[in-house]
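*Asks:* Quick one: the structure is below, and I'll ask about it shortly.
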Amino acid sequence: MLYSELFLPTIREVPTDAEIISHQLMLRAGMIRKLTSGVYSYLPLGLRVIRKVEQIVREEMNRAGAQEVLMPAIQPAELWQESGRWSFYGKELIRFKDRHNRESCLGPTHEEVITDLVRNDIKTYRQLPKNLYQIQTKYRDEIRPRFGVMRCREFGMKDAYSFDADMAGADLSYQKMYDAYMRIFSRCGLVFRAVEADTGNIGGSSSHEFMVIADSGEDAVAFCAACQYAANLEKAEVLAPETMSTPVEPLPLTEVETPNVRTIHEVCDFLKVSPEQIVKTMIYQGDAEVVAVLVRGDMEINEAKLRNYLKADTLELATDDVILKATGAPRGFAGPIGIKVKVVADYSLKPMQNMVVGANKQDYHILNANISRDFKISDYADLRVITEGDACPRCRSEIRFARGIEVGHVFKLGTKYSKAMHAMYLDRSGQEQVMIMGCYGIGIGRTVAAAIEQNYDDKGITWPVPIAPFQVIITPVNVNEESLLKTARDLYDRLTADGVEALLDDRDERAGVKFNDADLIGIPLRVTVGPKKLAEGKVEIKIRKTGVVDEVLLADAPGYIRTFIADAVGTAS
RNA sequence: CGGGGCGUAGCGCAGCCUGGUAGCGCGCUUGCUUUGGGAGCAAGAUGUCCGGUGUUCGAAUCACCGCGCCCCGACCA
């Protein structure tokens, strides 16, 4: 490709509305342009990278035994009503009526369509297992699109769906996808971690997220410093305290006036106690029941855990009315003593003694509350958010936190969709059985953005070779010198003939401009064709990522370049 | 949806407070010079000042109503 013909508008200045580095660099490097909030066009350079990632995904999916299909973006409401998600999915689903007034939507994901496809044509265990995938555009009307291509309303996603006859088969399908994902993200040159995750509204029994470690990540990951354990914060298990603290003399229950003191912070200041002595009492409204949840004052309740514990579809903080009814006091003074709803406590309550609790009475708290003497707890459970320094639930070593970008997610769906939509098959004995499903997603554009978050410097992007838009850029320092341009052209022709993805910067620009553009767009190798070295029959080859410059005889350059690329691509895969 | 901010040339911004006929840098066009890390000189082109309504002799500037975008919170690949 000739640079002079490429549609590659680079920007020198940093666009102010781009907050994170990948967004800035994708704009500056002429990869993307925004059409409207959360909707982007890919320009030639950006699309080349997208295609590279897609190709890696395709190769690994095929290698894992999945088959590519392509499903529609337009989907009828009936399928979604059948699965129950038409009412459940919410505003994120872009709905519309066609000219015949039929309710439709733009697919945010394809469990319904694939399940419909499979149930119509797969009838027997002999046809199972199957794993079908597609790389297709998804539509989600995100509450707040942000970070450029990282979180947008229209985006490219690889989604795969497995169908198995039994659990053992489903587990194997899941493992194959898990392994394929490990290879995919490794090949993309990413530093990532597979973490245990909550299943969210896709549903199902278990799941892993593939997190690219980056400070700009929207997700927090808890991981063990010693073992392989890693989990999304909302999933990470917290162990019950092993040892009780040394018993102290229970002090008499004392009610104190705490005018307008509501938050943990205010209580600490007012009563001169530390948060560890306080019990936080939160009133939640589950599907049908109202519960009081207790956790130590310095800790946070994990609503995902609570929802799972209560087996509730919906869960939210109780309204002021409900709180008043349950406690007899306004928000801010709830406590377990005399409360009129079921009380569950996080394990963190177990060792606490002489605690500070709300008095269920406006402007009052109670000192020296003790479990069983003063109030009862109907159940203990793991209900809090893990904190840094907690014990690893697997090996009891120390938990640390990192930020991550979720680029992939694998779910064991079980029978959630196959049951609702009657995806059945006949087993060996002629009995009708429900298929066991799994689903597996990769955000293509997000993977590209994540790769930039991990591969850049002050000059621009430093692409990992396997996903670079071009492998080498050839820069004649002055195209008005015939010999330089001709040498560069010959080298370009030779490399292209060898199957190397080369870009020839034949623009009549100053060398500095070309060098800066080459650095910005991040091509792994730059061959500089200049008068000084050419007089010795040499060119310079600069490695973008390391900055290392090698002087190479012109005749040796193609070999040098092919070896470099083969090593880089080979090592990664 | 709640809270904050912004909207003036392709990009980055000033001008707005205190109303008086639109400006800077970069980029773009042409010419000459220059040519190994974002060149110099000269001459140019480019604006529904987000939109509407109002106030005023006069509105980018003041008021009201919209719209769009960005950032912070609940969602997710």
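*Asks:* Can you tell me the accessible area per residue over chain A, all protein chains present, probe 1.4 angstrom, in square angstrom? Please list the in-between numbers first.
*Replies:* Values: 26020 Å² over 573 residues.
On a per-residue basis, chain A sits at 45 Å².
*Asks:* Note down the relative contact order for chain A as a percent, whole number, built from C-alpha pairs under 8 angstrom at least six residues apart. Could you put the intermediate results ahead of the total?
*Replies:* Numbers: 1217 pairs, mean separation 95.7, N = 573.
RCO, chain A: 17 percent.
*Asks:* Here's another thing I want to ask about it. Return, in residue-number order, each cysteine of chain A whose C-beta is not under 4.7 Å from any other cysteine's C-beta.
*Replies:* When partners are defined as cysteine Cβ atoms under 4.7 Å apart, chain A leaves A:C105, A:C152, A:C188, A:C268, A:C439 without one.
*Asks:* Something else about it: Under a Cβ-Cβ cut-off of 14 Å, what is the net charge of the residues other than A:G338 that fall near it, where Lys and Arg count +1 and Asp and Glu count -1? Numbers along the way, then the final one.
*Replies:* Details: positive: A:K325, A:K340, A:K342, A:K361, A:R373, A:K376; negative: A:E255, A:D374.
Local net charge: +4.
*Asks:* Give me the percent of the accessible area of chain A that comes from carbon and sulfur atoms, probe 1.4 Å, all protein chains in place. Walk me through the numbers on the way to the answer.
*Replies:* Details: 13010 of 26020 Å².
Using a 1.4 Å probe with all protein chains present, chain A comes out at 50 percent carbon and sulfur.
*Asks:* Which translational diffusion coefficient, to the nearest whole µm²/s, is obtained for the range A:92-158 from the Stokes-Einstein equation, given a Kirkwood hydrodynamic radius over C-alpha pairs, 10 °C and 1.306 mPa s? Walk me through the numbers on the way to the answer.
*Replies:* Working: Rh = 14.3 Å.
So the translational diffusion coefficient is about 111 µm²/s.
*Asks:* Where does each of A:404-414, A:9-19 land if you order them by average Cβ count within 10 Å, highest first? Don't skip to the end; give the middle numbers.
*Replies:* On the way: A:404-414: 24.9, A:9-19: 11.7.
In decreasing order of mean packing, A:404-414, A:9-19 become A:404-414, A:9-19.
*Asks:* Treat every Asp and Glu Cβ in chain A as -1 and every Lys and Arg Cβ as +1, leave all other atoms uncharged, and give the resulting dipole magnitude about the Cα centre to the nearest 20 debye.
*Replies:* Values: 71 positive and 81 negative charges, 147 e Å.
In total the dipole reaches around 700 debye.
*Asks:* Here is the link list: A:K376/A:K419; A:K311/A:K419; A:K52/A:K545; A:K52/A:K542. Which ones come out longer than 29 Å on Cα distance? If you can, show how the numbers build up before the last one.
*Replies:* Numbers: A:K376/A:K419 41 Å; A:K311/A:K419 19 Å; A:K52/A:K545 19 Å; A:K52/A:K542 23 Å.
Where the Cα-Cα span goes over 29 Å, the pairs concerned are A:K376/A:K419.
*Asks:* Further question on the same structure: Can you check what the net charge comes to around A:E209, using other residues whose Cβ is under 11 Å from the Cβ of A:E209 (Lys, Arg +1; Asp, Glu -1)? Please report the intermediate quantities before stating the final value.
*Replies:* On the way: positive: A:R193, A:K235; negative: A:E196, A:D198, A:D219, A:E234, A:E406.
Around A:E209, the charge tally is -3.
*Asks:* What are the principal axis extents of the Cα atoms in the range A:418-558, in Å, biggest first?
*Replies:* Answer, in whole Å and largest first: 81, 33, 25 Å.
*Asks:* Count the net charge of all other residues whose Cβ sits under 15 Å from the Cβ of A:A535, scoring Lys and Arg as +1 and Asp and Glu as -1. Write down the numbers at each step before the final one.
*Replies:* Values: positive: A:K486, A:K532, A:K533, A:K538; negative: A:E481, A:E482, A:E536, A:E540, A:E551.
With Lys, Arg at +1 and Asp, Glu at -1, the neighbours total -1.
*Asks:* So how far, in whole Å, is the C-alpha centre of the range A:427-463 from the one of the range A:226-280?
*Replies:* After rounding, the separation between the Cα centres reads 39 Å.
*Asks:* For the range A:251-380, what percent of Cα pairs sit more than 22 Å apart? Walk me through the numbers on the way to the answer.
*Replies:* Details: 2434 of 8385 pairs.
Considering the range A:251-380, 29 percent of its Cα-Cα pairs are separated by more than 22 Å.
*Asks:* Let me ask something else. Once you sort the root eigenvalues of the Cα gyration tensor of the range A:70-182 as a ≥ b ≥ c, which label holds: rounded (a/c under 1.5), prolate (a/b larger than b/c) or oblate (the other case)? It would help to have the intermediate numbers written out before the result.
*Replies:* On the way: a/c = 2.42, a/b = 1.35, b/c = 1.79.
Verdict is oblate for the range A:70-182.
*Asks:* Going by the alpha-carbon gyration tensor, a ≥ b ≥ c the square roots of its eigenvalues, is the range A:1-148 rounded (a/c under 1.5) or, if a/c is not under 1.5, prolate (a/b greater than b/c) versus oblate?
*Replies:* Details: a/c = 2.75, a/b = 1.52, b/c = 1.81.
Oblate.
*Asks:* Classify chain A as rounded, prolate or oblate from the Cα gyration tensor: take a ≥ b ≥ c as the square roots of its eigenvalues, call it rounded if a/c is under 1.5, otherwise prolate when a/b beats b/c and oblate if not. Please report the intermediate quantities before stating the final value.
*Replies:* On the way: a/c = 2.44, a/b = 1.69, b/c = 1.44.
It is prolate, given that a/c is not under 1.5 and a/b is the larger ratio.
*Asks:* Which of A:M182, A:F147, A:F163 sits closest to the plus end of the dipole of the range A:139-195, meaning its Cα is farthest towards the positive end, when Lys and Arg get +1 and Asp and Glu get -1 on the C-beta?
*Replies:* A:F147
*Asks:* Additional query: Under the rule of -39500 (n - 2.57) per DSSP H run of 4 or more residues, summed and divided by the residues of chain A, what mean residue ellipticity at 222 nm is obtained, to the nearest 500 deg cm²/dmol?
*Replies:* Rounded to the nearest 500, the figure is -8000 deg cm²/dmol.
*Asks:* To continue, here is another question. May I ask you to derive the relative contact order of the range A:1-145, considering only C-alpha pairs under 8 Å and at least 6 residues apart, and to give it as an integer percent?
*Replies:* On the way: 150 pairs, mean separation 30.8, N = 145.
Across the range A:1-145, relative contact order equals 21 percent.
*Asks:* Can I ask one more? Considering all projection directions equally, how large on average is the shadow of the alpha-carbon convex hull of the range A:446-487, in square nanometres?
*Replies:* On the way: hull surface 16.3 nm².
Across all orientations, the range A:446-487 yields a mean hull projection of 4.1 nm².
*Asks:* Another question, if that's okay. Positive end of the dipole of the range A:406-543, charges at C-beta (+1 Lys, Arg; -1 Asp, Glu), about the Cα centre: which of A:P531, A:N516, A:G408 has its Cα farthest in that direction?
*Replies:* A:G408
The values are calculated or read from the model by the stated rules, or taken from the named source; none is laboratory data. Quantities reported herein were computed from a predicted structural model and do not represent experimental measurements. Cβ sites come from the backbone with ideal geometry, for glycine too, and all protein chains shown count toward neighbours. Keep in mind that these areas ignore ligands, DNA and RNA; they rest on the heavy atoms of the full protein, side chains included. Shrake-Rupley method; radii C 1.70, N 1.55, O 1.52, S 1.80 Å.
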